[in-house]
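This report refers to the structure that appears directly beneath it.
FYI, it's all coordinate maths here, none of it is from the lab. What you see is a predicted model; the values in this text were computed from it and never measured. Heads up, the Cβs are rebuilt from the backbone with ideal geometry, glycines too, and the neighbour counts pull from every protein chain shown.
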Amino acid sequence: MYLFRGRLCGRICRDCPEDLADVTVRLYRLREDQDATRLATAQTKQTFGQLKPAEVKKKQSSLLAEARTDQNGAYCFELDRDDYDGGAFEVDLVFERAPGQEEPAAKPLQFTLTTLQPQWRQTEKGLVWGWDYCLPHRLWCFIRGLLGAWVICGKVEICDTGAPLGGVRVKAFDRDWLQDDALGEAMTDGSGHFRIDYTKADFEPGTFLDVELFGGPDLYFRVETASGVPLLIEPPSRGRDADRENVGPCFCVELCIEEMPDQPQDEPPPVFLRVGGYDYATQIDSAPAGTGLTTGSGRAFYSNNRLNGVLPKKLNGNPMEYQFDTREIQADGTPITAWATVGLAQVARTRIGDLLHYAPAFPGDPNPIKAQAYTVNGDPGEKEAAVVGGWIRVPQESDVFAPQGYFQPNGNMINLISTSLAPDAGVNLAGLVAGNSSTSTGVPLVQNRHFSIRMRVREVGTIGPGIPAGTCQHIAINNTRYDGYVRHPSWMPDVANNELTVNMVDIQQLQVNGCSQIGNDLDVVFTAAHPTLGNVTVWMTGPGGPYSFTEPAAVPGERFGVANPNFVVADLAPCAYVVHLSVQVLLTTGDSIPVNQHDHIAFTKA
């Protein structure tokens with residue numbers, strides 16, 4: 001299997017890229033008249049070209065595969081060795097619309113981009129190669145123009161300091177001879193950037209007389225606070241200046257204001273802070289080169305993990321939506337994969353807050369405010385937050401006395417199903433003998449896997465990746481379960497199934513006959529194992545007890561061998577006794593930890 005993946009973007013200007021979402025990527029085998037070496041080494045500007053319908057039809061027989069990019073511009077091909085030999089292929093892109101464009105173009109447009117000769121790398125999943133590419137400004141804006149998708153990408157800052165200005169509204173206008181056209185408006189994000197999408201119909205004359213001599217709009221701007229206080233008012237004549245007149249499909253601008261008036265902040269900024277109850281900045285060794293374990297206790301994470309922090313309703317005064325991404329890293333923090341968006345299938349039921357209503361059950365009801373759970377991926381019948389294009393929209397209800405009620409967030413964002421990142425490896429240890437190393441069957445322990453987790457936020461109605469709102473750079477996860485080994489094998493043996501740890505204890509004197517009596521010798525053998533193994537204790541209950549043992553020293557991830565009694569076996573009274581093994585596993589969901597794992601075996605003293 002050949003795995004070819006990557007990510008595509010287009011540059012509106014130097015510091016304004018956008019992900020190429022919902023684009024069809026087509027791979028074509030090279031035809032006989034094509035020189036693979038020359039094409040693969042040529043620059044994109046030499047190979048790029050728009051295809052006519054007849055040209056698309058002509059190369060149809062050479063189509064190798066096609067895929068569609070996701071909302072982040074990512075694509076992935078799985079190419080079967082029976083159909084593909086690993087050689088060079090041609091890459092075409094098919095556009096139906098541009099990001100931010102509501103209506104698709106009249107007909108899809110196909111462009112030949114380049115020819116690639118992959119440098120395949122062998123991995124456990126097969127041969128892998130990645131290719132990320134961002135269309136340069138000249139090519140991408142040419143495509144946008146053909147699609148009829150016009151865009152303004154800009155930044156607002158303070159004139160004297162250059163500090164970015166977030167949370168202000170920018171309005172764009174076209175200076176027209178007859179009537180100025182309002183092209184659109186947008187709020188700046190935390191970095192001061194804004195984006196306004198519009199179409200040619202927004203500025204073309206609506207009369208029978210076309211008095212404009214040129215095809216593009218003549219731009220001028222107005223900047224104001226979220227409440228409408230003017231900060232910058234450009235005169236319409238500014239649109240007739242050379243740098244603003246007759247602009248093309250992509251236009252980038254920097255606007256500055258003299259000073260920002262003081263404004264009260266109605267809501268705190270959104271930020272992902274914790275995994276369960278652990279602040280990842282201080283309570284998880286989350287630096288890239290850290291362990292990813294909880295500090296002090298050294299626990300890895302498993303099961304479902306509650307990602308939480310501060311979840312306001314609005315961003316820059318507008319309704320907010322959010323998303324999480326993950327990527328796998330090596331134990332030293334080196335990235336293995338690209339960032340991937342957490343899908344709804346990776347989210348367990350999450351109560352993100354309560355919907356409050358003033359609804360007294362009777363006059364004088366001492367509890368007139370009633371609460372209803374507001375969830376993400378909740379149970380049938382629950383009040384559910386909208387998820388649009390993978391973005392979770394924060395509920396906006398804001399009147400406890402109105403029928404819609406009042407949404408009160410609790411800081412929870414998602415319950416991440418960590419098995420979607422690090423699934424159960426299904427380790428079968430059939431044949432393992434108590435007292436031996438857990439690896440003696442030839443099957444190694446499954447080590448922790450390591451990930452980064454980040455949150456992104458944006459205003460509802462905007463496009464693009466949004467802005468970062470907290471990143472846990474390193475977290476260790478282990479969901480491995482162990483099967484097949486036999487606990488207390490010499491007396492009432494029990495085959496382990498779906499166990500968090502290896503935990504088995506036996507008595508050598510009973511291995512021939514589990515009902516034999518113990519004389520003056522008692523050899524307790526045990527095996528306990530897990531990559532994040534905690535305390536291991538062997539003890540015995542019975543008349544005169546409890547009795548303790550000295551366990552052999554631990555080695556990384558396991559403890560095994562003979563536990564020596566700290567008492568004289570011959571002095572035990574004739575009766576029944578039970579030997580216990582307790583194994584602590586250092587795991588956490590972030591909110592709870594697993595109970596110690598146990599095994600035991602009984603015997604009688606002669």
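Which value does Rg/Rh take for region 221-331 over its C-alpha atoms, Rh per Kirkwood?
Reported Rg/Rh (Cα atoms, Kirkwood Rh): 1.19.
If only the Cβ of Lys and Arg carry +1 and only the Cβ of Asp and Glu carry -1, the dipole of region 271-421 around its Cα centre is close to 60 debye. What the phi angles of region 228-234 give under the Karplus curve with 6.51, -1.76 and 1.60, with θ = phi - 60°, is a coupling list of x, 6, x, 10, 8, 10, 7 Hz, glycine and proline written as x.
Other residues with beta-carbon under 13 Å from the beta-carbon of residue 485 carry, at +1 per Lys or Arg and -1 per Asp or Glu, a net charge of -4.
Note on residue 52: lysines with a C-alpha under 20 Å away, same-chain residues under 8 apart excluded, are 107.
Among 386, 356, 396, whose Cα projects farthest towards the positive end of the dipole of region 339-399, with charges put on the beta-carbon of Lys, Arg (+1) and Asp, Glu (-1)? Farthest towards the positive pole: 386.
Based on the Stokes-Einstein relation at 20 °C and a viscosity of 1.002 mPa s, and on the Kirkwood radius from alpha carbon pairs, region 86-226 is assigned a translational diffusion coefficient of 115 µm²/s. Pairs exceeding a 29 Å alpha-carbon distance, out of 313/370; 155/200; 171/313; 58/200: 58/200. Within straight-line reach of residue 125, meaning a Cα separation under 16 Å, sit the following aspartates and glutamates at least 8 residues removed in sequence or on another chain: 78, 80, 328. Reported value for the chain: 241 Å³ per residue, from the convex hull of its C-alpha atoms. Here the relative contact order of the chain, from alpha carbon pairs under 8 Å that lie six or more residues apart, stands at 10 percent. Positive contributions from Lys and Arg (+1) and negative ones from Asp and Glu (-1), summed over other residues with Cβ under 15 Å from the Cβ of residue 65, come out at -2.
Compactness of region 473-535, taken as the C-alpha radius of gyration over 2.2 N^0.38 Å, stands at 1.46.
The fraction of Cα-Cα pairs per 5 angstrom bin, counted from 0 for region 436-488, comes to 4, 13, 15, 12, 11, 10, 8, 8, 6, 6, 4, 2, 0 percent, rounded to whole percents.
Highest mean packing first, where packing is the average number of other Cβ atoms within 10 Å per residue, the peptides 464-471, 513-520, 448-455 line up as 448-455, 464-471, 513-520. Projected onto its three principal axes, the C-alpha set of region 149-257 covers 45, 26, 25 Å, listed from the longest axis down. Relative contact order for region 271-421: 27 percent, from Cα pairs under 8 Å spaced at least 6 residues apart, divided by residue count. As a proxy for reagent exposure, 310, 524, 595, 427 were ordered by neighbouring Cβ count within 10 angstrom, fewest first; the result is 595, 310, 427, 524. When 282, 47 are sorted by how many other C-beta atoms sit within 10 angstrom of their C-beta, beginning with the fewest, the order is 282, 47. Listing 580, 474, 598, 357 from fewest to most neighbouring C-beta atoms within 10 Å gives 598, 580, 357, 474. Reported to the nearest whole Å, the Cα centre-to-centre distance from region 312-366 to region 537-606 is 43. Counting only cysteine Cβ atoms and a cutoff under 4.7 Å, the chain contains unmatched residues 76, 472, 515, 575. Taking N as the residue count of region 1-111, its C-alpha radius of gyration divided by 2.2 N^0.38 Å amounts to 1.12. Of all DSSP beta bridges confined to region 2-136, the antiparallel ones make up roughly 80%.
The trypsin sites (Lys or Arg not before Pro) found in region 328-405 that occupy coil by DSSP, while having at most 15 further C-beta atoms within 10 Å, are 349.
Sketch the reach of a paramagnetic label on residue 550 as a point 7 Å from Cα along Cα-to-Cβ, and name the residues of region 567-606 whose backbone nitrogen lies under 16 Å away. Output list for this probe position: 567-569.
Counting residues in region 271-421 as N, plug N into 2.2 N^0.38 Å and put the Cα Rg over that result. Can you show the working numbers first?
On the way: Rg = 18.2 Å, N = 151, 2.2 N^0.38 = 14.8 Å.
Relative to the rule-of-thumb radius for its length, region 271-421 sits at 1.23.
Run through region 112-189 and list the GluC sites (Glu not before Pro) located in a DSSP loop whose Cβ has at most 16 other Cβ atoms within 10 Å. When the GluC sites (Glu not before Pro) of region 112-189 are filtered for loop state and at most 16 Cβ neighbours within 10 Å, 124 remain. Think of it as helices only: each DSSP H run of n ≥ 4 in the chain is worth -39500 (n - 2.57), and spread over all residues that comes to -1000 deg cm²/dmol at 222 nm. Expressed to the nearest 5 percent, the antiparallel share of DSSP beta bridges inside the chain is 85 percent. Since only 489, 535, 581 are under comparison, the one whose Cα sits farthest along the positive direction of the charge dipole of region 469-583, derived from C-beta charges on Lys, Arg, Asp and Glu, is 535. For a Förster distance of 51 Å, can you work out the FRET efficiency between the beta-carbons of residue 537 and residue 158, rounded to the nearest 0.05? It comes to 0.20.
Across region 482-605, how large is the tail of the calculated P(r) beyond 21 Å, expressed as a percent of all Cα pairs? Within region 482-605, distances greater than 21 Å cover 38 percent of Cα pairs. Size check on region 374-524: the Cα extents along the three principal axes, sorted descending, read 79, 34, 23 Å.
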